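Structure first, then comments.
Only the coordinates and a few stated rules stand behind these numbers; no lab work does. The structure presented is a predicted model; accordingly, all values stated were derived computationally and were not measured. Quick reminder, even Gly has a Cβ in these numbers, built from the backbone with ideal geometry, and neighbours come from all protein chains shown.
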Amino acid sequence: MSRGLGTVQRKIILLLLGGVALGLSRSPQQHWRVLKMMRREWRAINDAAFSVAIRALYQARLVEEKINPDGSIQLVLSEAGEKKALSFQLHEMKIKKPKVWDRRWRLVIFDIPEKHKKVRDALRFHLKRLCFLELQKSVFVHPYPCSEEVEFLVEFFEMRSYVRQLIVHWIDNEQHLRLKFRLIRDRG
């Protein structure tokens, strides 16, 4: 499956990531009973679109069948499907701005080998997308709590041994950073 996933496929993957098991059966009644338990966004999905989406996800090896002791079939995410679902969350992630800045800087530093250049570039891209400023090629700074977001990136890119997080109270170019992050106004 070379092109991107459709809306229905994406919803299915995200629900499976969240632990929702989709029971598959040849019986339309059972099939619809499972769909009815899902929230409002599922109300717009019709049977044909659902079947096509499931078939495409199965062919792309993003989902697998699991046969239960009672003979029913359960659809679960494959390892590739979990990775794909996490990538959806990756693109929606944001760092919340607290009402009051705690006057601490969050630094992310990394030394990712050249053989992982694509991952290194992707990590840089996502740090910038999360509004980190690049102090140096592999040093990024942010003023707000963001350890969970950074942990998510590190786990997603499987680069735990190459990435470190620091919280610091002072940086020599703090005035410049405070201006960039709009923590003080430019008086010039």
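Quick notes
- Residue within the range 172-179 that is surrounded by 11 or more Cβ atoms within 10 Å (Cβ to Cβ), of a type outside the set (A, V, I, L, M, F, W, C) and either within 27 Å of residue 77 (Cβ to Cβ) or touching a Phe, Trp or Tyr at 6+ places or on another chain (Cβ under 6 Å) (or both) present: no
- Residues being closer than 18 Å to residue 172 by Cα and either among the small types (Gly, Ala, Ser) or under 20 Å from the mean Cα position of the chain (by Cα) (or both) - total across the range 130-143: 4
For (1) under 28 Å from residue 161 (Cβ atoms); (2) in contact with a Cys (Cβ under 7 Å, 6 or more places away or on another chain); (3) outside any loop (DSSP other than H, G, I, E, B); (4) not charged (D, E, K, R), each residue gets a yes or a no:
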| residue | (1), (2), (3), (4) |
| --- | --- |
| 71 | no, no, no, yes |
| 74 | no, no, yes, yes |
| 81 | yes, no, yes, yes |
| 109 | yes, no, yes, yes |
| 118 | yes, no, yes, no |
| 125 | yes, no, yes, yes |
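Residue-by-condition table, conditions (1) touching a strand residue (DSSP E or B) at 6+ places or on another chain (Cβ under 6 Å); (2) among the acidic types (Asp, Glu); (3) surrounded by 13 or more Cβ atoms within 10 Å (Cβ to Cβ):
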site: 60; (1), (2), (3): no, no, yes
site: 70; (1), (2), (3): no, yes, no
site: 75; (1), (2), (3): yes, no, yes
site: 83; (1), (2), (3): no, no, yes
site: 95; (1), (2), (3): no, no, yes
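- Filtering 154, 141 for residues that are in contact with a strand residue (DSSP E or B) (Cβ under 6 Å, 6 or more places away or on another chain), part of a strand (DSSP E or B) and either of a type in the set (A, V, I, L, M) or buried (at least 18 other Cβ atoms within 10 Å of the Cβ) (or both) leaves a single hit, 141.
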